[in-house]
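The values are calculated or read from the model by the stated rules, or taken from the named source; none is laboratory data. Note that the structure is a prediction, hence the values are computed from the model and not measured. Glycine gets a Cβ as well: all are built from the backbone with ideal geometry, and neighbour counts include every protein chain shown. With ligands, DNA and RNA removed, areas are computed over all heavy atoms of the protein, side chains included. Shrake-Rupley method; radii C 1.70, N 1.55, O 1.52, S 1.80 Å.
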Amino acid sequence: MIDLGVNIDHVATLRQARRTYEPDPVWAAVEAELGGADCITVHLREDRRHIVDRDVELLRQNVQVKLNLEMAATDEMVGIACRLKPEMCTLVPEGRHEVTTEGGLDVAGQEARMKNVVQRLRDAGIFVSLFIDADLQQVEASSRVGAQACEIHTGPYAHAFYAGGRDIESAAAQTELQKVGAAGSAIVELGMRFNAGHALNYSNVQPIAALPNVRELHIGHSIVSRAVFVGLREAVREMKRLIRS
Ligand code: PXP
């Protein structure tokens, strides 16, 4: 059965726009859980542009489903994760000038460092996922460094779907979908869990959800956007229905 991880960073983005205390991502987590979220995801960025330390502390105490901490592979973040012990950490690349995570981690280019970070997190009892592009070299490197899951970056697929007239039959969308599927098969063959995410929305999610062996989808922007109109609980409920049907 496929699970839905809801990324609530954008609730914190709205709060930080006014440097105030509302809306509170902790409230968002409760609403997302009531809508059927199987996992709550937050990205504690080094610049604290949306989620801040206080949020992660409170979410750790209050989230009743799985808590997934997205983070850069830095000593500071490893220290925070080992202290708070979320059920899962997803390691992502981080660039100061990016609007959101832009590409997958280059695991193959920094295997020694990644192995060290993955081991420290696993020693603390945390399940470790790596966010990578749909690239077989990166999948194999992820296995070598001890990752337990890979989250395949679905941004190129989402872009091709949109650019091809939101037509899943378009050649470009099919090519990108097949790349995600091939990466997923390699992940499973290497004994890791196949997750996917980034830029998935209510129009493009179903072909990804239908890929064999995909276990979790991690979705933020489209759910929080829909929540502005229908409320977060309902937005999560609708997405969950789509990915499970
Ligand atoms: N997965 C990862 C690793 C991410 O960095 C993000 C964005 O923070 C997401 C999933 C969710 O992407 P989106 O907000 O486009 O749904």
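The table that follows gives values for the structure above.
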| read-out | value |
| --- | --- |
| Carbon plus sulfur fraction of accessible area for the chain, probe 1.4 Å, in percent | 51 |
| Accessible area expressed per residue, the stretch 44-147, with surrounding protein chains retained (probe 1.4 Å, Å²) | 44 |
| Compactness of the chain - radius of gyration and Dmax, Cα, Å | 16.9, 47 |
| The chain: relative contact order in percent, alpha carbon pairs under 8 Å with at least 6 residues between | 20 |
| Mean-position separation - Cα centroids, the stretch 1-24 and the stretch 74-131, in angstrom | 20 |
| Estimated 222 nm signal from helices in the chain, with DSSP H stretches of n ≥ 4 weighted -39500 (n - 2.57), rounded to 500 | -14500 deg cm²/dmol |
| Lys179, Lys240, reordered so the largest accessible area comes first (probe 1.4 Å) | Lys179, Lys240 |
| Among Gln138, Gln61, Gln119: highest mean-square fluctuation, GNM of the chain, C-alpha pairs under 10 Å | Gln61 |
| The stretch 145-191-the stretch 199-228 distance, computed between alpha-carbon centres (Å) | 12 |
| Charge dipole (the chain, unit charges on Cβ, about Cα centre) - positive-most of Pro212, Tyr21, Ala183 | Tyr21 |
| Accessible area (Å², per residue) of the stretch 164-242, counting only protein heavy atoms and a probe of 1.4 Å | 47 |
| Rounded to whole Hz, the Karplus (6.51, -1.76, 1.60) HN-Hα couplings of the stretch 160-172, x for glycine and proline | 5, 4, 5, 5, x, x, 6, 10, 5, 7, 4, 4, 5 |
